[in-house]
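Written below as structure tokens is the structure these notes are about.
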Amino acid sequence: MPNMSLTKVKMTEQEPNVRNANFLEVAQGYTLEQAKEEADRCLNCKNPMCVQGCPVSVPIPQFIAKIKEDDLAGAYKILSNANALPAVSGRVCPQETQCESKCIRGIKGEPVAIGRLERFVADWARENGVANLETAEKNGHRVAVIGSGPAGLTCAGELARKGYDVTVFEALHVAGGVLSYGIPEFRLPKEIVNKEVENLVKMGVKIETNMVIGKVLSIDELFEEMGFEAVFIGSGAGLPMFARIPGESLCGVYSANEYLTRINLMKAFRGAENCDTPVLESKSVAVIGGGNVAMDAARCAKRMGAKEVHIVYRRGEAELPARKEEVHHAMEEGIIFDFLTAPVSIEGDEKGRACKLNCIKMELGEPDASGRRRPIPVEGSEFAIEVDTVIPSLGTSPNPLIRSTTPGLDTNKKGCIVTAENGATSRNAVFAGGDASTGAATVILAMGAGKTAAASIDEYLRNK
Amino acid sequence: MEKYQIVLKKPLKPDITLMEIYAPLIAKKAKAGQFIIFRVDADGERVPLTIAYTDKERGVVAIIFQKVGATTLKLDELNEGECLHDFVGPLGVPTEIEKMGKKVAVVGGGAGCAIAYPIAKALHEAGVEVHLIAGFRNKDLIILEEEMGAACTELHMCTDIGDYGFHGFGTDMLKKLLDEGHKFDHVVAIGPLMMMKFVCKLTKQYDIPTTISMNPIMVDGTGMCGCCRVTVGGETKFACVDGPDFDGHLVDFDEVIARNNSYKAFETAKKEEHICRLRGKTNA
């Protein structure tokens, strides 16, 4: 008999007032008993809608059925055959708008906690030294993957499994892309990212760090001089956008990318005595924006010791683009949300450090092109927040290094690489996916694009 | 040879060192004005340095650095045969040598001469008449005099205190040349921000296009974090992908000067901590 409880089995979390002072993982995962209890909520539908909601088409009921049977190795095999980074997506996927939004159990009550079960299986495998490293016989064809973020790693993993000789070129000194520099330790421990990368290496994927494609080698050189037969571009989102208000060059103003990079990639979270990369001490912080990155920046600021952290967002709570879970976690941790508030200017003190964020209240008017109600300033509602740090978190625009050095590679007005549904670009044998082609989006969409492109590359090289 | 191995280490001054690093792909691609980012160890910070010269045949990239902080002190502790942890490049847009005209003045200040030198050399090799003005605080701090002499049409050495060459700043020397009737099509200034600011102030009066090489704080250096933003003509530019060269007459210098001081306290503390640790080692 299935477990007919209307709610998900709760996952243990660190207490908000404890966790907002450390960088340890917030959510602590299911025990075997909890996982089995939750797995029993799955009805094993004949026509599973959840799978349609998954960008990488994980056979969800099948892996959950294996948990019920106590066959965790079997569950991991099914999961990892479809998803190259299950421990990652089990943590950072917005399941509530994907697989879980389609779950039949969600009509009355909460859907099956698919994400938590995915994480449980992946963690079990890692902790028990179980890996799925099987690959087809090496076929000798060489593929270059640019960028080692979620799109690149997925594409590399899929191709390695099919027997290709894959080299991943990463610009930074470690692999992982946004999983390493962007998403904080308390949401995605770097040890997990490293382990996923290690597994790919064991499958024969070569990872070359410190390689900025477009600078040290062009895409043409990858083909002509290095002998690659196909290229996947997963170079990710690029330069941060700013609010274009006066004072954004003051000391203490960080783009969310810079702030998170200093803390995550460069390890400033260990504290000044254990890290060579500085991050300014903050007493009061304002993060501008309402996306997942804004939540990450705000929650990091709190953990770095800021007494007061604000999220300044020009629309209302209902319009926040961040995942509900992230917003909820941020609120629990004491982040102050200033909704319907737009930044006007940043003022600096005599030393050039930010000291005040001038704001204006907004009200919501008619829906705009994005379908969201357009915020309109309320006259005479100006006010100021005393802050020493301001973190604009307003999205990114694609990095110019590859498009400017690759003749014949079409990009759109925003600078994103134009791709067909199968990931093909305007250049023969060049495929792309993830933020480099869509603009800033989610980890799982990038993984989906990497997987699709891998299938297209396989098809292209087999028919060549 | 191993990746990022130190092939040559040569102290130029007690506090300035030249290193040749084995990095054949970068050596093959790098052009004057571009930079690399290095890390000394697994937990090290990322530090940008402009490339002094390259040797394609030997596959080496040369850097010249001043021991100003904990990381450059650590770098200087490495010896020939040892390897840097990371070395990435060539980053940034090369200096636009071709567009500078027939007669160019290159002004280098202090350790900035290590960057002025390759740019002067590239211009000189392209057949441009190059006046290289090299300013130092005093005679003891002079570096690369011979190399610079060979990389230009005329070398003008200057010292602030006047114990060698022209007595005065590089800016004063440039003004002197202009007043003597030299007509420069372009001026390139590289050195401390204050010095570049004053060169630009001068060349604006004489209406000479001026390129400066910006050295803001960077983190990733590949166009991701936005730390190195500089306001140029009212627009936000990123030194790592749009620069490091910019039109000096449009750069908001005061803003960069303030931003570059952001981490002074941290840097001083790190440096002292590192020196203490070294002393501890020698005492033991």
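The values are calculated or read from the model by the stated rules, or taken from the named source; none is laboratory data. A quick note: this is a predicted structure, and the numbers were derived from the prediction, not measured. As a convention, Cβ positions derive from the backbone with ideal geometry for all residues, glycine included, and neighbour counts pool all protein chains shown.
Descriptive notes on the structure:
- Sole exception among (1) in a helix (DSSP H, G or I); (2) surrounded by 24 or more Cβ atoms within 10 Å (Cβ to Cβ); (3) of a type in the set (Gly, Ala, Ser) for A:Ala84, by number: (1)
- The one condition in (1) modelled with pLDDT of 90 or more; (2) out of contact with any Leu (no Cβ under 6 Å at 6 or more places or on another chain); (3) away from chain B (no Cβ under 14 Å); (4) surrounded by fewer than 21 Cβ atoms within 10 Å (Cβ to Cβ) that A:Ile385 fails to fulfil: (2)
- Residue list for the stretch B:196-230, filter: assigned to a loop (DSSP other than H, G, I, E, B) and β-branched (Val, Ile, Thr): B:Ile208, B:Ile217, B:Val219, B:Thr222
- Near pairs, Cβ below 6 angstrom, 6+ apart or cross-chain, from the stretch A:17-33 (closer than 16 Å to A:Glu118 by Cβ) to any residue that is part of a loop (DSSP other than H, G, I, E, B) and polar (S, T, N, Q): A:Gln28/A:Thr12
- Residue count for the stretch A:129-168, restricted to those that are surrounded by fewer than 24 Cβ atoms within 10 Å (Cβ to Cβ) and in contact with a strand residue (DSSP E or B) (Cβ under 7 Å, 6 or more places away or on another chain): 6
- The set of residues in the stretch B:169-195 being touching a residue at least 60 places away in the same chain (Cβ under 8 Å) and either hydroxyl-bearing (Ser, Thr, Tyr) or over 22 Å from B:Lys139 (Cα atoms) (or both) consists of B:Thr171, B:His182, B:Lys183, B:Phe184, B:Asp185, B:His186, B:Val187, B:Val188.
- Which numbered condition A:Ala369 misses (of (1) modelled with pLDDT under 95; (2) of a type in the set (A, V, I, L, M, F, W, C); (3) within 30 Å of A:Leu217 (Cβ to Cβ)): (3)
- Within the stretch A:99-128, being out of contact with any helix residue (DSSP H, G or I) (no Cβ under 7 Å at 6 or more places or on another chain) and buried (at least 18 other Cβ atoms within 10 Å of the Cβ) holds for one residue alone: A:Arg105.
- Considering B:Leu25, B:Leu73, B:Leu78, the condition of being surrounded by fewer than 22 Cβ atoms within 10 Å (Cβ to Cβ) and under 30 Å from B:Val130 (Cα atoms) is satisfied by B:Leu25 alone.
- The set of residues in the stretch A:236-266 being surrounded by fewer than 24 Cβ atoms within 10 Å (Cβ to Cβ) and among the basic types (Lys, Arg) consists of A:Arg244 alone.
- Of the criteria (1) more than 8 Å from every other protein chain (Cβ to nearest Cβ); (2) farther than 28 Å from A:Arg403 by Cα; (3) surrounded by fewer than 18 Cβ atoms within 10 Å (Cβ to Cβ), which one A:Phe269 fails: (3)
- Test: residue in the stretch A:190-209 that is within 11 Å of chain B (Cβ to nearest Cβ) and under 26 Å from the mean Cα position of the chain (by Cα): yes
- Members of the stretch B:81-120 found to be surrounded by fewer than 24 Cβ atoms within 10 Å (Cβ to Cβ), in a strand (DSSP E or B) and away from every other protein chain (no Cβ under 14 Å), listed by number: B:Lys103
- Check on A:Met304, within 14 Å of another protein chain (Cβ to nearest Cβ), touching a residue at least 24 places away in the same chain (Cβ under 8 Å) and out of contact with any helix residue (DSSP H, G or I) (no Cβ under 6 Å at 6 or more places or on another chain): yes
- If you go through the stretch B:231-250 and keep only what is more than 8 Å from every other protein chain (Cβ to nearest Cβ), closer than 17 Å to B:Val93 by Cα and either touching a Lys or Arg at 6+ places or on another chain (Cβ under 9 Å) or part of a strand (DSSP E or B) (or both), you end up with B:Val232, B:Lys237, B:Ala239, B:Gly243, B:Asp245, B:Phe246, B:Asp247, B:Gly248.
- Pairs are defined by a Cβ separation below 7 Å, a sequence spacing of at least 6 or placement on different chains, a first member in the stretch A:402-417 that is at positive phi, and a second member that is surrounded by 14 or more Cβ atoms within 10 Å (Cβ to Cβ); the pairs so defined are A:Gly408/A:Ser426; A:Gly408/A:Arg427; A:Gly415/A:Ser397; A:Gly415/A:Pro398; A:Gly415/A:Pro400; A:Gly415/A:Arg403.
- Per the conditions (1) surrounded by fewer than 19 Cβ atoms within 10 Å (Cβ to Cβ); (2) under 24 Å from B:Ile36 (Cβ atoms), the sole criterion not satisfied by B:Leu177 is (2).
- Of all the numbered requirements in (1) of a type in the set (A, V, I, L, M, F, W, C); (2) over 27 Å from A:Lys215 (Cα atoms); (3) within 14 Å of chain B (Cβ to nearest Cβ), A:Ala136 misses one, and that requirement is (3).
- Taken over the stretch B:260-275, the criterion of being assigned to a helix (DSSP H, G or I) and either without any contact (Cβ under 8 Å) to a residue 12 or more places away in the chain or more than 9 Å from every other protein chain (Cβ to nearest Cβ) (or both) is satisfied by B:Asn260, B:Lys264, B:Ala265, B:Phe266, B:Thr268, B:Ala269, B:Lys271, B:Glu272, B:His274, B:Ile275.
- Residue within the stretch A:212-226 that is over 21 Å from A:Arg403 (Cα atoms), in contact with a helix residue (DSSP H, G or I) (Cβ under 6 Å, 6 or more places away or on another chain), buried (at least 22 other Cβ atoms within 10 Å of the Cβ) and within 12 Å of another protein chain (Cβ to nearest Cβ) present: no
- Checked against (1) touching a residue at least 60 places away in the same chain (Cβ under 8 Å); (2) buried (at least 21 other Cβ atoms within 10 Å of the Cβ); (3) under 30 Å from A:Lys267 (Cβ atoms), B:Gly223 passes all but condition (1).
- Residue check for B:Ile64: in contact with a strand residue (DSSP E or B) (Cβ under 7 Å, 6 or more places away or on another chain), assigned to a helix (DSSP H, G or I) and buried (at least 22 other Cβ atoms within 10 Å of the Cβ): no
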